[in-house]
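See below for the structure under consideration.
The values are calculated or read from the model by the stated rules, or taken from the named source; none is laboratory data. Predicted model only: the values in this text are computed from it and were never measured. Note that we place each Cβ from the backbone using ideal geometry, even for glycine, and neighbour counts take in every protein chain shown. In case anyone asks, the SASA skips ligands and DNA or RNA and just uses the protein heavy atoms, side chains included. Shrake-Rupley method; radii C 1.70, N 1.55, O 1.52, S 1.80 Å.
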Amino acid sequence: METKRIHTQHKPSVMWHFLFSHSRRNLIAIFSWLLIGRALAMIQPWMLKALLSSFISKQIDSPFPLMVGGTTIILPFVQGLVDGVSSRLLFRRSLSVRSLLSGLIFEKTQKIGCGLPRLVETGHLQSLVASDARTVGDELYEFYELVLIPVEMVIVFVFVLSEIGVCGLLSLAVLLVLTFVSIRATFFVGRAMSNYLSLNDERVTLINETLSGIRTVKLGAYEQGMKDRVTRIRNHQISASGQFATWTFVSSAFVRNIGPCVNAATLGLFVSVNKIGVDDFTRRILPMMGFLGMLTQKAGRISSLTQSMLMLSVSSRRIGDFLLLPERSAGTRSKPKDTGMAVVIERGDFDWGRGMENTCPRPSLPQDEIELLSDEPTDGSGSNQSTLHDISLSLERGSLTIVVGGVGSGKSSLLAAIVGEMEVVSGTVFVDGSVSYCVQTPWLFGGTIRDNILCGKEMEWEKYWEVVRVCGLTHDFEQLHNSDLTHVGERGQTLSGGQKARVQLARTVYRDCDVVVLDDVLSALDEKVGQAVMKECILGILKGKTVIMSTNSRDLLEMADNVIVMRKGQIVGEGTAVELMKNGTVVEEIRQSERLTRDEANERPAESLPQHVSPDRSLQDVNVPTIIDAEALYALDSDSNGWSFSSLLVFVLTMFPGWGVILVIVFIILVESVQIVMSLWLGMIGSSSVFPSLSLLQNVGVYGLLVPLSFVGLLALAFVAGCSIRRSNRIIHSELLSSMLDCPLSSFETTRAGEILDRFGEDVEQTDLSLTSLMFTTSTHIVALVGQIVIVGVWTPWFLPLGVVILVVFGVLLVLHSRAARDLRQLDLKAHTRVVSEWSEMISGSGMAMMRVYDLSELWREKFFATLDNWTAHSYFSFVGEGWATVYRSAVVFCFLFGVIAFGWVGMSGSQLAVAVSSAMTFSSIGSVVMMKCVSVISKMSSFDRIRSFCSTLPQETTTEKMWDAQSTLCCPSSSQHSNTTLFTTSSVALPDDWPNNGKVIFENVSFRYRPELPLALKDVSVEIEGGEKIGVRGRTGAGKSSLAAALFRLVELHPTRTERTENTHSGRILIDGVDISGVDVRRLRASLGMIPQDPVLFRGTVRFNVDVRGDADDQRIWEVLEMVSLKSRVLGLEHGLSTELGENGGGFSVGERQLLCLARVLIGNARIVVLDEATASVDVSTAVKIQNTIRTHFVNRTVIMITHRDEGLVDMDRMLVLADGQLV
């Protein structure tokens, strides 16, 4: 596989393409309608001028100017209809671009191949679809207006010059200066936005990693450590959002003062030059104000549109950088020249995307998808040596080849190279026939077990059930309530590790390919099941096919036709098992490990097991398999009870403390009062009866003095807005994060990770950047509307009844429209959540690799595009609803202006009628804006309500130290639908600091079931484990091994709440050092226990953090622990030692090394009771021996409970517990 590099000297612009190159016919139609709408807008001031002239020259018997008046009234309505058509075309184009970009990102991930995890973080990939593609589509809507505005300004400025002559040059100068300053402030907005998005990628990556490792987080009581880590990134992001809001309002302050400054400067010069008196104001100046208002309005739009363009530029650049990443070649492999060979590699060097890192800009680039890396370390030393080098092999058709080797030897990389998931640096690869691939870490998608096995293939019943049988799934299907139609949830949740491995194996076998590649598929199975799968499946149904499998077990070597021994990325031995043993080329580490294990076994008599016992996996998945409805996976996405004032009040209280709300409201009123006084004073300039002693020029001077006061007030408001937005963002995210981390483990198993990520992505982003700012702007517009009513009431009191009528009509429209807008917004958010969930599922783990290997890209493309189309449809419905509301508002304004002109012509003087019409148009404009802003607030409150619902409806694990901010709880009022359910009601007992100091564990008649409709998982289990005793636990799948550990870690409560308690459901108790653990704080309990899982989980961060997640130990202690687990020399060899940053999922360490780091994590916690959950199942024998030696040496005085299916792991145990059907046997 070659890497196709894209030369980026002249990088193509994503933004430029979609602005001008995409669908040019549609673009011409858009500009045509926009030009018509702008022409109608520019005609209106001329028509208003003509109408006002008719009013001023009106006589008692003058006829009504029907043509001018009718045109003036109907033009706004017609313009609204034309703008609606152009907006509809623009929005359809925006939706098309959004979907197209999402599709391109999907296609690009397929083409990058194995280099993707090294180039792009998971969080960045998710943001590209969830945020950036949406931003490009939304902001594209604004761009075309920016193109037309300069043309409009030139035309309007010509009108201004025709009215006031050279005085218009001063207007232009003032306008250009203030516009430049506002645009300059907007560039700071763009910089803050760019920082916000980059930090958002990192934050979402950490959240996703926390969700992926939530079992480890819960069992280790690492919630606070994970919260602190996310909070550190969030604090920087909050700073960026605060800067974004502050500079946005600073820019708005300049924009809002463009009009007053231009008015003051222009009027002052025009009045002084032309010696205009007060009586000439209405005739000569008032019509000119319409053109100045249009000019300043367009200049103000430049600033806001520039901000939109900066956001468009940031997002399009991020997408463009991703689309320009180097791609792997799409060429097919040729067949071997020797027809008897199935796979041939000639002097091949392979690497995981070598050279991709520096070929184009990168956002941030650790690993995620490479579950395939499995046991391949990358030490970060900067060596140019390939991961695999000088590989030459020839595998006969129909042969069984087993690959063995120690930690980091290259077994998994060799298999990935065969299937085409590694870059070919040099050499040639020949493969004859189709290839199927079974990765070491199972990848399952949300759906039924049958869907996961078929994976797009047609159902052949006889073949299907034969595959199920040989993969050992028949017994499992009998246990499941819905057999193979059981929904397994995202990433295979609700299945044990062994079951997931066998389902994935069944998928591989069912595809009936010529070459079958199996990466350590037997490690998750116990000896008996593994032997059956080996006999019935690998040596049975796959007989005659070319099978290449890796394993850590030497017992299988004699069954192989060919054995390959790997060491440090090279093949050091190849041949039959007998030949290798004779030649002494078997890897030394494996031989020594086997000898050590055998010697230890000879020192102790092995305890026998009953014949019917055959263990599988345990606490890796502690829940009993249950049926999960597909819609239940979107449980968080249920309909809310609708918008309420209480929800708005809660949100406002996140922005300000209770007493601060009143102060801020008063402050906003004071700031807006200056604007109201300026408008009021501008209206009084033309009246000689108000201040008869002041000339027109002096009145203009007073107006000019109010401008600096307005500017200072708006700048102070910007500072207040920035502080309040920081406070709101901190509180909302803190409570959201705490609620997620306080959820019991079962909640994560029935909720899609993508849905939770959507809360932390789309919903948090909406509250951060949109909702809080919108609250301020809506408040100021409401005050401005009230001020306009005051102005109109002062000059035309008769207008107030009509004003009340129009307010009532606008209110009715607001109520009706807000309901529809909110419902449509809810549907849009739900559709977006499904897009995020589907995308998250595809890019998680080995999802993309499986799509490529199994040729499932087309199937998943159709599935993803169908979800995108659903999102697009709901977004379009939401827009159409807004369009109809605009038509209704235009109709109301039409009727209102008609009423004002009709009644005013009969009962008012010409000058009074001119002022009334002007006030009516201003009043209608502000009223429409207020209505739109209120609807926007109500619809965008859906994001906050989803966050609030998340914090309220999910069950919580009660802790003594509640993590929520007491001053602003997002919880909804207690109700049957919206209340947190705690898992127990007992109060925490006081414990000494050294508890437990002995480690004695007593199970007293423990019985419980996971759900009321399920059978008992444990049945009256009683066992006493002395402090320091070593206990082995064996049993079949479903025997109760997992349940025993689940009860100990209180993943299931023996004392549930009263509402959850049913007859004969939970009983018994567990004592540790004489203390009933049901009364111990759950995090205190889990922190006192230790868990070493089968699949090691490391987090993105330093080695220091991964060893000491809680941050309690110093470096000296960490080095001591690393030496205990034989990793000190490995870490010392890293460039930055303990400060070395690991990639996602511990990228940089092999599986064995990751397991040893997990062991170090338990050692540093000084847990007196340690549970090992198949801790040696997925590692080679050498690593298993290291783990056993560590347990033997450093766990002498600790109580150890070992769940294992390796007999050699039981030789150190003092006793053994055998479970069957939830009972001790």
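Screening region 392-419 for residues that are among the polar types (S, T, N, Q) and under 34 Å from the mean Cα position of the chain (by Cα) and picking the one that is surrounded by the fewest Cβ atoms within 10 Å (Cβ to Cβ) gives SER413. I'd like the full set of residues that are touching a residue at least 60 places away in the same chain (Cβ under 8 Å), open to solvent by less than 40 Å² (accessible area, probe 1.4 Å) and out of contact with any Gly (no Cβ under 9 Å at 6 or more places or on another chain), limited to region 661-682. The answer is VAL664, ILE668, MET678, LEU682. Residues in region 431-485 that are modelled with pLDDT under 85, part of a loop (DSSP other than H, G, I, E, B) and of a type in the set (A, V, I, L, M, F, W, C): 6 in all. Considering every residue within region 251-260, establish whether at least one is open to solvent by 10 Å² or more (accessible area, probe 1.4 Å), among the basic types (Lys, Arg) and modelled with pLDDT of 80 or more. Yes, region 251-260 contains a residue that is open to solvent by 10 Å² or more (accessible area, probe 1.4 Å), among the basic types (Lys, Arg) and modelled with pLDDT of 80 or more.
Okay, residues lined up against (1) closer than 30 Å to MET848 by Cβ; (2) in a helix (DSSP H, G or I); (3) modelled with pLDDT under 65:
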site: HIS10; (1), (2), (3): yes, no, yes
site: TRP33; (1), (2), (3): no, yes, no
site: SER62; (1), (2), (3): no, no, yes
site: LEU81; (1), (2), (3): no, yes, no
site: LYS108; (1), (2), (3): yes, yes, no
site: LYS111; (1), (2), (3): yes, yes, no
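Scanning region 443-454 for residues that are over 23 Å from the mean Cα position of the chain (by Cα) and open to solvent by 10 Å² or more (accessible area, probe 1.4 Å) yields THR448, ARG450, ASP451, LEU454. Listed by first and then second residue, the pairs with beta-carbon distance under 7 Å, at least 6 apart or on different chains, first residue in region 769-782 and among the aromatic types (Phe, Trp, Tyr), second buried (at least 17 other Cβ atoms within 10 Å of the Cβ), are PHE776/ALA721. Taking (1) free of Cβ contacts under 8 Å to residues at least 60 places away in the same chain; (2) buried (at least 16 other Cβ atoms within 10 Å of the Cβ); (3) in a loop (DSSP other than H, G, I, E, B) in turn, LEU1138 satisfies each apart from (3). Against the conditions (1) open to solvent by 40 Å² or more (accessible area, probe 1.4 Å); (2) among the aliphatic types (A, V, I, L, M); (3) at pLDDT 75 or above; (4) more than 30 Å from VAL650 (Cβ to Cβ), ALA891 satisfies every one except (1). Reported count of residues in region 495-543, each being more than 15 Å from MET559 (Cβ to Cβ), outside any loop (DSSP other than H, G, I, E, B) and among the acidic types (Asp, Glu), is 1. Residues that are among the β-branched types (Val, Ile, Thr), farther than 23 Å from LEU525 by Cβ, open to solvent by 10 Å² or more (accessible area, probe 1.4 Å) and at pLDDT 85 or above do not occur anywhere in region 1193-1201. Is it true that THR1183 is open to solvent by less than 10 Å² (accessible area, probe 1.4 Å), modelled with pLDDT under 85, out of contact with any Lys or Arg (no Cβ under 9 Å at 6 or more places or on another chain) and part of a helix (DSSP H, G or I)? So THR1183 passes the test. The set of residues in region 1022-1052 being open to solvent by less than 10 Å² (accessible area, probe 1.4 Å) and touching a Lys or Arg at 6+ places or on another chain (Cβ under 9 Å) consists of ILE1025, ILE1031, GLY1032, VAL1033, GLY1035, GLY1040, LYS1041, PHE1049, ARG1050. For the residues GLY115, GLY69, the requirement of being modelled with pLDDT under 80, within 30 Å of ASP855 (Cα to Cα) and either open to solvent by less than 10 Å² (accessible area, probe 1.4 Å) or touching a Lys or Arg at 6+ places or on another chain (Cβ under 6 Å) (or both) singles out GLY115.
Does SER162 satisfy the criteria of being closer than 30 Å to TRP46 by Cα and surrounded by fewer than 20 Cβ atoms within 10 Å (Cβ to Cβ)?
Yes.
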